[in-house]
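Here's the structure we're looking at; comments come further down.
Any read-out appearing in this document is the output of simple, stated calculations on the displayed coordinates, not a laboratory observation. Note that the structure is predicted; figures quoted are calculated from it, not measured. When we count neighbours, we look across all protein chains shown, and the Cβ atoms used for this are built from the backbone with ideal geometry, even at glycine.
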Amino acid sequence: MDSPEPKPAEGAPPSDVPDSGVPESDAPPSDVPDSGVPETDVPEGDVEAVRRQLGRPPRGLRGVAHRCPCGNPDVVETAPRLPDGSPFPTLYYLTCPRAASAIGTLEGSGLMREMQARLADDPELAASYQAAHDDYVARRDKAAEDAGMEPLPRDMQSTGGMPSRVKCLHALVAHELAAPGTNPFGREALDALPDWWSDGPCV
Ligand SMILES: [Zn+2]
């Protein structure tokens, strides 16, 4: 496992980001600043499922990016900027606690170290991982555009350590689930995971 870093958004849930100070529920919609998150049109049932998975109301929720075979969302798309306008680089966040736990076990097995080593030895893999990074940034820019937000800075990280490091399999798996065929290490991790949904709906 890589050492945890205090950086705010490297695959971290939005809850790790300092609170913007905007009240969750008692601010009328008209108080949402222009740079902020627009009203979500995610169905209430999905919002509630994600709330239960995370143990708190989701913030900056823009949509369900992937659905688990159990029927619940397992990856959500989050707005590239928080309500106060500050960047939030993690476009795709894995919400399913069972999947997260299974991926944590994979991380603990030393898989990321092995992936990191292969990145140095395999130019084709490195190119594919770079392409995954580019895809992530392009999708994030598109999400910002769609939401009427300023795009994130060009040199802003994508997620999970891309394009040169392997730092968070949760983030890479979330990307691969949201955009199948884009993330080589996300794919490998997914293929190594058990059927986490087999015991019934996740949360
Ligand atoms: Zn599930």
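In terms of its Cα atoms, the range 23-192 spans 54, 36, 22 Å along the principal axes, sorted from long to short. Label-to-label distance for Ser164 and Ser198 is 4.1 nm, based on points extended 7 Å past Cα in the beta-carbon direction.
Among Ser128, Ser86, the order by Cβ neighbours within 10 angstrom, fewest to most, reads Ser86, Ser128.
For Arg67, the residues whose modelled amide H falls within less than 5 Å of its own, excluding neighbours fewer than 5 places apart on the same chain, are Asp74.
Residues whose amide H lies under 5 Å from that of Arg81, counting only those 5 or more places away or on a different chain, are Phe88; hydrogens are built 1.01 Å from N in the peptide plane.
Summarising the amide proton neighbourhood of Cys202: residues at separation of 5 or more, or on other chains, whose placed amide H is nearer than 5 Å comprise Asn72. Note on the range 36-104: Kirkwood hydrodynamic radius from all Cα pairs is 12.3 Å, rounded to one decimal.
I need the trypsin sites (Lys or Arg not before Pro) found in the range 143-181, filtered to DSSP loop residues with at most 13 other beta carbons within 10 Å of theirs. Within the range 143-181, the qualifying trypsin sites (Lys or Arg not before Pro) (loop, at most 13 other Cβ atoms within 10 Å) are Arg154.
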